[in-house]
1. So Ser97 clears everything in (1) of a type in the set (Ser, Thr, Tyr); (2) in contact with a Pro (Cβ under 9 Å, 6 or more places away or on another chain); (3) crowded, with 21+ Cβ neighbours inside 10 Å except one condition, right? Which one?
2. I'd like to verify a number: residues in segment 37-76 that are of a type in the set (S, T, N, Q) and either surrounded by 14 or more Cβ atoms within 10 Å (Cβ to Cβ) or touching a Ser or Thr at 6+ places or on another chain (Cβ under 9 Å) (or both), how many?
3. Out of curiosity, is Ser89 surrounded by 21 or more Cβ atoms within 10 Å (Cβ to Cβ) and either in contact (Cβ under 8 Å) with a residue 24 or more places away in the chain or in contact with a Leu (Cβ under 9 Å, 6 or more places away or on another chain) (or both)?
4. Can you name the strands (runs of 3 or more DSSP E) wholly within segment 1-116 that have at least 3 residues being over 22 Å from Ile153 (Cβ atoms) and modelled with pLDDT of 90 or more?
5. If Asp137 satisfies all but one of (1) part of a helix (DSSP H, G or I); (2) within 24 Å of Thr177 (Cα to Cα); (3) among the acidic types (Asp, Glu), what's the number of the condition it fails?
6. Kindly indicate whether any position in segment 143-165 is out of contact with any Leu (no Cβ under 7 Å at 6 or more places or on another chain), among the small types (Gly, Ala, Ser) and not in a loop (DSSP other than H, G, I, E, B).
Amino acid sequence: MLIVGTALFIHYGRSIWVPGYQQLVGKKTLLEAIQQYGPAAEARLQQRFAQAGVAYPPERISLLGLKQERQLELWAHVNGQAHHVYSYSVQAASGKSGPKLREGDRQVPEGRYQIEGLNPNSRFHLSLKLNYPNAFDWNQAKREGRNLPGSNIFIHGKAQSVGCLAMGDEAIEELFTLVHRTGVQKTEVLIAPRDPRQHQLQQLRAAQVPWVAQLYGELENAFKAFPLPESKP
């Protein structure tokens, strides 16, 4: 029982013990994290880019989050054209179809986001912070009187989620290294309730308030720049 309880605490109690552990051993700088995880991550990335026929590092990248499919697609932009590089499996993502509306609703946001920063001392190994709520999210929240639309949304490691995309440690090491190498200002993140290239969001839009219908229409248009990746054996 003690062993099982300890294992559960280590897995689910990261918000409790990780900060204390970091105080004890000290926090990593961004450079230290890149030095520690970067070489192995870049070796894997270079192989992925080579298989996709795309030069590494890329000019610009897009990450396409698909909630229903539990996928995060990596796309590189070359001379204005998007090339699919790899699709990562999302290990955990709480909530359901629909945008995030308020703090504590455990929803993964939906929309078009940028990376605000890289956290080498995440409770979930490493993380990329999204700029949620963005201007669109804030405007809709204010119109509806929602003063706390939520905050601190990340793409991170491990396999736990309360509104974030949890990618596992190896995947986040690659994404963390790639965004650092490419630049946060050259990284965009699109998150949709399901893949609009295979399933139109029209049915979902009909059941939503007008601003959500507008958001889904904009996501459908944005995904047109990214052809459906070919299935690989």
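1. The single condition Ser97 does not satisfy is (3).
2. Final tally of qualifying residues: 3.
3. Judged against the criteria, Ser89 is not a match.
4. 71-78, 81-89
5. (2)
6. No: zero hits.
The values are calculated or read from the model by the stated rules, or taken from the named source; none is laboratory data. Since we're looking at a predicted model, the values are computed, not measured. As a convention, Cβ positions derive from the backbone with ideal geometry for all residues, glycine included, and neighbour counts pool all protein chains shown.
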